[in-house]
Each structure stands twice: as structure tokens, then as C-alpha cells.
């Protein structure tokens, strides 16, 4: 009697040899836990080193992060940044160092995650991980850079100038850090749209035709998401919705190339 072939996966085609090589590998539960412990320790060491390095340069990092707001305040001549609590400046420095340290350690963190899940992946899937990690990282950094170079430069002066002429701005550095962090993370995450489309397309859930048919609803959804993630002003929402719309069209191209969705013949 011939041995049955492994089930087919339309998203990641696998040969019988690949299926057998993975199915035959069984890692005991305790070995899984020990491997997880090793990866967590390595990740924590990398994060600690990143935070320590960031603490050394925390003043320079803060000066870079706050420069758009300081420029807007200096141009308007209508306010300044400051603290209202004894520990506010210290806690802000720790937060900045934590964020910067996490970004510096992100390649090591991604590598540890990859090493932990690699035993469960098939060879075809493993070959796709590196390009996907690189693309996702590049898109996230691109989104954060767009937020800093465009949103910060245009939105902050707008926020300052929109206030009445007799209003003096007294901006807490803690509040500014929270706003800046939220914008950087929001734009970095929103720029992951092509990666999300790739996974949905490879899973056979969507294709380019689906994305074209729902483009009107997608654009409405993009503006709703932009309104939720950005400050409550039209300028910030438009500045976020515009690149997301472009990324949606890029996603259509991605879906056309990588989709595994099967359609019944029309007619």
C-alpha cells in the first residue's frame, strides 16, 4: 500500500519530502520551554544593552525628537516646553531611552523570534521570512520617517498657529513625548499594509480583483483609521490617508503577483 501524500497547502506548496522532514521532527515540551527561555534571555540582554547605549546619548536623541516642536514654538514666538513635576524630566528621559533602545535592539529581537519559530516552518516558508522581515522593517522605518519629516514639520506649526493670538503655549515634555511616540508608531504600523496584503493573498483570502471591487470602502476605512490614529485635525488625517491610499494601490499589485485564490470560471 502506498503511503498517502501530505495535504496540499495552496498558500505554501510543499513537496512530500519537505512534509516528511518536518513531521518527523518532534521537540519535547521541556525542550520547547528551554528554547523559549534561551531566546527570552538573549532578547532581554539585547534590549538592556540598547537601553544603556540610548541612555548615554539620551540628550541628543531627545533634542532630535523635540526639534520640530521647538522650531514651531520659536517661529511663532508664542510658547515653550517645560515640566510641571519633579520627576517628569527624569521619567521622560527613561521613556526616550527605552524607546530608542528597543529600536536599536529590534534586529536582535526579530532574529530571536525567527530562531524560535523556525523549527515549525517548512523550507518554502523559511525562504520567505528574510525578505518579509526586511520589507516589514523598511516599511515601518519609512512610516516613522514620514511622520517625523512631514507630519511633525507641517502639523506642529499648524497646532501652534490655530490657537488664538493671546494664547501662550506651555507644553509639557511628557505630553509631547506621548504624542510624538503615538504618531511614529501609528505611521510605522500603517505602512505595513503591503505586508498584510501579502499574507492575505498567499492564504488565498483576497486577490487583486477583490481589492479593486472594495476600493471605495477601503478608502473610507483608511480615512476612519487616520482619524482614529492622528490628532483631531483635518491636516493630520489627510497627511496620513494619502500615503496609506498609495500603499493600498501597491497592495493591489502585491495581491496580483502573490495571490493563490482560485476563482470559478465565469459564465
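Points worth noting:
- Looking across segment 157-188, the residues that are touching a helix residue (DSSP H, G or I) at 6+ places or on another chain (Cβ under 7 Å), closer than 30 Å to residue 249 by Cα and modelled with pLDDT of 85 or more come down to 180, 181, 183, 184, 186, 187, 188.
- Candidate set from segment 84-125 (those that are surrounded by 15 or more Cβ atoms within 10 Å (Cβ to Cβ) and over 25 Å from the mean Cα position of the chain (by Cα)); member that is farthest from residue 171 (Cα to Cα): 122
- Failed item in (1) in contact with a strand residue (DSSP E or B) (Cβ under 9 Å, 6 or more places away or on another chain); (2) outside any helix (DSSP H, G or I), with residue 70 passing the rest: (2)
- The one condition in (1) surrounded by 14 or more Cβ atoms within 10 Å (Cβ to Cβ); (2) without any contact (Cβ under 8 Å) to a residue 24 or more places away in the chain; (3) not in a helix (DSSP H, G or I) that residue 81 fails to fulfil: (2)
- Failed condition for residue 178, given (1) assigned by TED's automatic domain parsing to the domain that holds residue 133; (2) closer than 12 Å to residue 151 by Cβ: (2)
- The single residue among 101, 143 that is more than 30 Å from residue 84 (Cα to Cα) and assigned by TED's automatic domain parsing to the domain that holds residue 48 turns out to be 143.
- Qualifying helices (runs of 4 or more DSSP H) (wholly inside segment 155-219; at least 1 residues being touching a strand residue (DSSP E or B) at 6+ places or on another chain (Cβ under 7 Å) and under 28 Å from residue 103 (Cβ atoms)): 173-190
- For segment 39-55, the count of residues that are modelled with pLDDT of 75 or more, out of contact with any helix residue (DSSP H, G or I) (no Cβ under 9 Å at 6 or more places or on another chain), within 28 Å of residue 107 (Cα to Cα) and assigned to a helix (DSSP H, G or I) is nonzero.
- Taking segment 207-216 as the range and being surrounded by fewer than 21 Cβ atoms within 10 Å (Cβ to Cβ) and under 26 Å from residue 227 (Cα atoms) as the test, the residues that pass are 210, 212, 213, 214, 215, 216.
- For segment 160-178, residues that are surrounded by 13 or more Cβ atoms within 10 Å (Cβ to Cβ), within 17 Å of residue 76 (Cα to Cα) and within 31 Å of the chain's Cα centre (by Cα) total 2.
The values are calculated or read from the model by the stated rules, or taken from the named source; none is laboratory data. Everything numeric in this text was worked out from a predicted model, so none of it was measured. When we count neighbours, we look across all protein chains shown, and the Cβ atoms used for this are built from the backbone with ideal geometry, even at glycine.
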